[in-house]
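Colleague: I'd like to ask you about the structure that follows.
The values are calculated or read from the model by the stated rules, or taken from the named source; none is laboratory data. Fair warning: this is a prediction, and the values are worked out from it, not measured in the lab. Please note: Cβ atoms are built from the backbone with ideal geometry, for glycine as well, and neighbour counts cover all protein chains shown.
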Amino acid sequence: MIRVLLMLLVCFTFTYGQAQIIPAAPKGCGHDHYVHALEHHYPGFKDRVDQVLQDIKKRPQLAKDLEIYRIPVVVHIVYKDESQNIPEEQIKDVIDVLNEDFRRKNADADLIREEFMDVVGDPFIEFELAGVERVQTEVTFELDLLGGSLPDNVKQSAEGGSDAWDTQKYLNMWVCNIEGGSLLGYAYPPADLEHWPDGANAPSPELDGVVIHQEVFRRTGTHTASGLLGLDEVTIPVRGRTITHEVGHYLGLRHIWGDGLLSIIGIPDCNADDGVEDTPQQGSSSQFACDPEQNSCGSGEGDKHDMFENFMDYAREDCLNSFTKGQIAIMRSVLENERSGLIDQVSNTIAIEDNQDFQVYPNPAKGQLFIESSLKDNTSYQVRLVDTQGRMVHAPALGRPADRQTININGLPAGLYGLVILQGDKQYFQKVVIR
């Protein structure tokens, strides 16, 4: 039996979503006991997970150069007081972390050990901030350990949270204060992936996305988290990798050690597998240790050590730096199939100046830009202001045809920009000059 330390990121599966918590005790956590219960209620769960190895072997090899897939992101800031109302600059910092990690442009990528250099790669996945929603609330968001539920009320305005934008077209991220200090974040994988158990996906489509504790929604600093059931506090480094890890779950990845049942009691479960051929056989998580000598399934010379650098392991955030090519193949397959709406481009583009649906003025503009709509349908619309390179420079809150929307363009450099309005399956576009 190995010594199990307090972990930075521990999976907590209730309605089978993947969550990160500081565990209750050195020999197990809520996730481990729940997985045991899952096997009890769904016999054959472990066999189903193991079967994925054969399916993964049928996947095509990852090409050297891939098409870049861009995912639009909507960040919902749900806060009680202004100290929790995260500024836009901090949101952009987190999007930068995602773009670095999912393009292998992170500064620590070269810290990968030599034995793993041949299996890591660039996912060619990028993220753009499509919008920010801010909702002030008096509602509490917390983990219900005994009831077995996650704080999905943050995703529903009727429950004091913020309703998702179309979850087929946007990656929704909810940032809130999760009470208790142990739950750092969670995400649901897509439905019907063969290396996940039945029911792992979100309970309903509008609840799909990622939830992050506000204290770890940043790229620098530390966070002092509490263990469950009154266990001692632990201070952890923050590098934005909680978000990277949870987006990995959202795109179909499991934990690198395969969530083996024996690992619940601190025994490496080397029969479990994450469904990825090029990750090392690993019987347990790295448990916040970043130990280069840990080899939980080593059986002889030539065996690879546990890959604490993998974003889907539980090492310190300043040790995580890589995805493997097999993991990349799964994520790209998910984007091409189960979550294809995220990368499908709207083809029905309408010039704003040639129709009566929207009016944008003044143009040229200075200080403020206004949008008015003559649409009778009260369906909301999204606005993006992009530069000549197609990079998002401003994403105002959701607009509605009945209202005139004001866009503050103070501080933007003078020049040519593109205004994009998305409503339903239509995309409106107009060039805008800022003086």
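Colleague: Checking the condition among the acidic types (Asp, Glu), in contact with a helix residue (DSSP H, G or I) (Cβ under 7 Å, 6 or more places away or on another chain) and under 18 Å from His245 (Cβ atoms), which residue from Asp163, Asp101, Asp108, Asp96 passes?
Modeller: Sole residue among the options that is among the acidic types (Asp, Glu), in contact with a helix residue (DSSP H, G or I) (Cβ under 7 Å, 6 or more places away or on another chain) and under 18 Å from His245 (Cβ atoms): Asp101.
Colleague: A follow-up question, please. Could you tell me whether the stretch 329-337 includes any residue that is surrounded by fewer than 19 Cβ atoms within 10 Å (Cβ to Cβ) and either of a type in the set (Asp, Glu) or in the same structural domain as Arg384 (by TED's automatic domain parsing) (or both)?
Modeller: Yes; the residues of the stretch 329-337 include at least one that is surrounded by fewer than 19 Cβ atoms within 10 Å (Cβ to Cβ) and either of a type in the set (Asp, Glu) or in the same structural domain as Arg384 (by TED's automatic domain parsing) (or both).
Colleague: Looking at Val94, Val52, which is the one that is in contact with a Lys or Arg (Cβ under 9 Å, 6 or more places away or on another chain) and at pLDDT 90 or above?
Modeller: On inspection, the qualifying residue turns out to be Val94.
Colleague: What is the one condition in (1) at pLDDT 95 or above; (2) assigned to a loop (DSSP other than H, G, I, E, B); (3) under 28 Å from Asp81 (Cα atoms) that Pro189 does not satisfy?
Modeller: (3)
Colleague: Within the stretch 167-193, track down each residue that is of a type in the set (Asp, Glu) and free of Cβ contacts under 8 Å to residues at least 60 places away in the same chain.
Modeller: Hit for the stretch 167-193 is Glu179, nothing else.
Colleague: What number goes with the only condition from (1) of a type in the set (A, V, I, L, M, F, W, C); (2) farther than 30 Å from Thr235 by Cα; (3) surrounded by fewer than 19 Cβ atoms within 10 Å (Cβ to Cβ) that Ile265 does not pass?
Modeller: Going through (1) of a type in the set (A, V, I, L, M, F, W, C); (2) farther than 30 Å from Thr235 by Cα; (3) surrounded by fewer than 19 Cβ atoms within 10 Å (Cβ to Cβ) one by one, Ile265 breaks only (2).
Colleague: Could you please find all residues in the stretch 117-143 being part of a loop (DSSP other than H, G, I, E, B) and closer than 21 Å to Ile243 by Cα?
Modeller: Gly121, Asp122, Pro123, Phe124, Leu143
Colleague: Can you tell me which residue among Gly252, Gly248 is assigned by TED's automatic domain parsing to the domain that holds Arg219 and not in a loop (DSSP other than H, G, I, E, B)?
Modeller: Of the residues listed, the single one that is assigned by TED's automatic domain parsing to the domain that holds Arg219 and not in a loop (DSSP other than H, G, I, E, B) is Gly248.
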